[in-house]
Structures are given as C-alpha cells and as structure tokens.
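See below for the structure under consideration.
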Amino acid sequence: MVRIALVVHKFPPASMGGTEIYTLNLARELSRRGHDVFVFYRHDEPTNRRGDISWKERDGFTACRVSRAFDYASEHALAQFLDTFANPDVEVAFRIFLDKVRPDLVHFQHLMLLSYQLVGLAKQKGLPVLLTLHDYWFICGNSQLIWPDARVCGGRAWGLNCARCALTHVRSPLVQPLRPLVALLLQVRNGLVRQAALRADRLITPSHFAIKEYVKAGFPEDRFTHLENGIDAERIWRYPHRPTLDGCLRFSYLGSLAWQKGVHVLLEAFRGMPPEKALLRIYGDPTVFPEYTRRLRQLADPSNTTFGGRVPNEEVGRVLAETDVLAVPSLWYENSPLVIQEAFAAKVPVLASRIGALSEKVQHGVSGLLVEPGDATSLRKAVRSLVEHPARIEGYREHIPHAATIEGHLDELEWIYNASGN
C-alpha cells in the first residue's frame, strides 16, 4: 500500500466545487483500498492565525488544514493578487506536512490560493509528483479562459488582455496607465505557475479539449495523460428514477450560480414557457455571488421556475431522480463537469452548450442536445423541441454512456501511481 498526499485549494464541507468533491471521493476510495491518505488544503478560518495547521481524521483519511485568515476585502490589490498563487506561510505549512506525513507520492489537484512553490518543495524531497489539471489556471489567471464580456479568451496579447480582465471592475482614471505594469505582473505569474506545472512528473486531465488548450499554450503534449473523472455512482443509484406523472417535463440546473455558468441564459430561454409543459428548477448556493443570484431571481419566470438552494452532495441523486433533462448552459470552456457524469449515472439526458469539452461529453442527438453558448433563442428552441417530442428523451436515456465511476477511475489511477513510483 502507498502513502498518498492529495493537495487541493479548498475542501468540503467548506467548499463544494467539482474539484473539491472529486478530491473527497478520491480520498475516501483510496483509503478504502488500504492506502494511507492525507489531504492538505487551505481554509480561511477567521478565528485562526495565519499559518495555523490543524489535523482531523475523516472517513478513513487524515485532513491537514492550513489557515490563511485572509480578509480579501481589507487587503490591497497586490496582496490579493499574490494570495492567488504565492503564499510563504502555506509553503511553511506544507514543509511541516511533508515532514510529518512522509508520503510516497504527492498528487496535486489544484495550487490556486496555495503556492506555486509546493510542487518544487515536493520534488526537493525526491517525491513523485502528479498534477491533475481540472481547469486552465496554469495558463489563465481566472482559470476559465473567458473575458468579462462573456467572450472566450482571444489570446493574452503579451499579457495586455489578461490585464484588461484583471482591471475590469476597477473604476479609476489610473487604470489605463497601469495596464502595462499589470500585464507584466501577470506574465511573471504565468511563467511561475507554468514552471511549477512542468516540474510535475505527469500531467493528468479529464478532457482531450483541455489537453489541446494546454498544448496550444506551449505545454508538451507527451506529458499529458487523459483520465476521465470518476464519481461515487452508488450515491446516485440509491435513488431510482421517478418519471413525470402529468407529462410536464422537469429541467434542472445543478451547480454554481455564477455568470460564467450561463444560468441567466437558461432563465431567459424559459421565460414564457408553458408551466404545464415544462418546469425549471435551479439548484445552487445563493450566497456565493449574491448580486448575480438577485439578478437571476429578477429574470426568472415565476410561473415555471423555482430556486431550490444548495444541494448537499449526498442529495444530488435525489434531485436527478426527479429530473427529465439536466441543463448545462455554460459560457466558458468547461473541462469535465462532475454533474454530467452524475446525470449519466442517473440516466438523465443533458442539454448543454456546444463549447469546450462539453461537446466531448454530450453526443448531440444521442445522449442529449448541444446548443450555441449564450444563445437564449437556440436554447429555447431546444427546450421546445423536447416539450413537443418528449419521446426523444427516452431515446436519449437509452443511449447514455456508462458513467465513469470512482472505482474504475481508481483502477487506472493506481496503475499511474505505481508507474510513477518506479
């Protein structure tokens, strides 16, 4: 058996994003297989001092939490910028973590909000290092390759476009003169995190699209391994599908209430939809981006749309059991949303944007439908086609591929671990 260190920027229950949930499932399953698993992550507990470390036994593995106690609102812009990728106190905590745990290998899930130096610290110990690229953080400061005006990134332009993104919400006459300086800082940041990524022995990503984007940015293609994320399918299967009884189709959105996810486009598409024909349920934490959530509530058609709040990870199967179609209306280059794997495990077809790796995950006209991103008219047309021809949904259900389970995922990952240690 192997002593494995998993490193991630945030972790449940404080943060429930896809990367965090994947890491939790990974830690649980690895420990069930007899491995000694240790998770290192950051948490901004206001009652703790910066750099404090706490240890906790959880579901068969050990979690090590380092506190940054970083009050974003009270810090100046440079401190906010550095906090995203360079934190000496996190580096100190990571050295302590490695000395105490003495792992056989380190598997990084994310370095955002930690420090780019952590990969080098692990390599200094002579440890095999794997890095899973869950998004585009190593080539994009906002990790999503999307501009504030909802257009996908058209290139860095020597960092000037990156600076434009970073300064979008700064209302000051000094903004334009600062752009070259900010561009330089972002170029330095990009170089540092890129070097950190390339120090890993193996780069793993769950989509071919992400590999293509990283290679386009100059990463060597032969360093990548494609490995689809796995989910805890038993958590989904315990809730059997409950068909609609009145013929009204039930559409659900499950995920972050963030503008990049295109939830506003979905709500616009549903305005005026006959409630006896189609209902839309929006599930997501309204407290993360409260202004955007307020905008969504104003945009929603109350006759056919409801907001269900945040869904605990253990309850996702219950929601999907009462869903006929899952909507994924993203505007950015999604990599491999776990929610699509969860929907497929529940045999729920997916209506998604034709962007990024979503075209890889959803086969148009087979396991669901793809529409142009940001196009409410196209989305409305797709919804109406399903409302008018509901039998198509059953056809899609029959052709949904098997979801990648965490068990199958671990079979492949353990092979990679063994190969990396030799």
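The numbers here are math on the coordinates, done by the rules we state, and not lab data. Given the structure is predicted, the values throughout are model-derived calculations rather than measurements. So basically every Cβ, Gly included, is an ideal-geometry build from the backbone, and we count neighbours across all protein chains shown.
Summary of values
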{"read-out": "Most to least packed among 194-203, 50-59 [average Cβ atoms within 10 Å]", "value": "194-203, 50-59"}
{"read-out": "Descending semi-axes in Å of segment 238-398, equivalent ellipsoid built from Cα gyration tensor", "value": "20, 17, 17"}
{"read-out": "Only Lys, Arg (+1) and Asp, Glu (-1) charged, at Cβ; the chain dipole about Cα centre in debye", "value": "800"}
{"read-out": "Dimensions (Å) - segment 114-157, Cα atoms, principal axes, largest first", "value": "44, 18, 18"}
{"read-out": "Debye, to nearest 20: dipole size of segment 238-398, +1 on Lys, Arg Cβ, -1 on Asp, Glu Cβ", "value": "140"}
{"read-out": "Segment 235-292 pair-distance distribution - Cα-Cα, 5 Å bins, rounded %", "value": "4, 15, 21, 20, 17, 15, 8, 0"}
{"read-out": "Lysine pairs meeting the criterion (Cα under 18 Å, 8 or more apart or interchain), as found in the chain", "value": "8"}
{"read-out": "Counting DSSP beta bridges with both ends in the chain, the antiparallel % (nearest 5)", "value": "15"}
{"read-out": "Compactness of segment 116-220 as Cα Rg over 2.2 N^0.38 Å, two decimals", "value": "1.19"}
{"read-out": "Ranked list, fewest to most other Cβ atoms within 10 Å of each Cβ, for Leu331, Leu181, Leu145", "value": "Leu181, Leu145, Leu331"}
{"read-out": "Global size of the chain as Cα Rg and Dmax, reported in angstrom", "value": "21.8, 63"}
{"read-out": "Segment 238-398: relative contact order as a whole-number percent, Cα under 8 Å and 6+ apart", "value": "25"}
{"read-out": "Extension gain, Arg58 back to Met1 (0.36 nm per residue minus Cα-Cα distance, nm)", "value": "18.6 nm"}
{"read-out": "Residue among Tyr396, Ser420, Asn190 farthest towards the positive dipole end of the chain, charges placed on Cβ", "value": "Asn190"}
{"read-out": "Sequence of Leu245, Leu410 once ranked by neighbouring C-beta atoms within 10 Å, starting from the fewest", "value": "Leu245, Leu410"}
{"read-out": "Ranked list, fewest to most other Cβ atoms within 10 Å of each Cβ, for Ser115, Ser67", "value": "Ser67, Ser115"}
{"read-out": "Segments 316-328, 338-350, 77-89 sorted - mean Cβ within 10 Å per residue, highest first", "value": "338-350, 316-328, 77-89"}
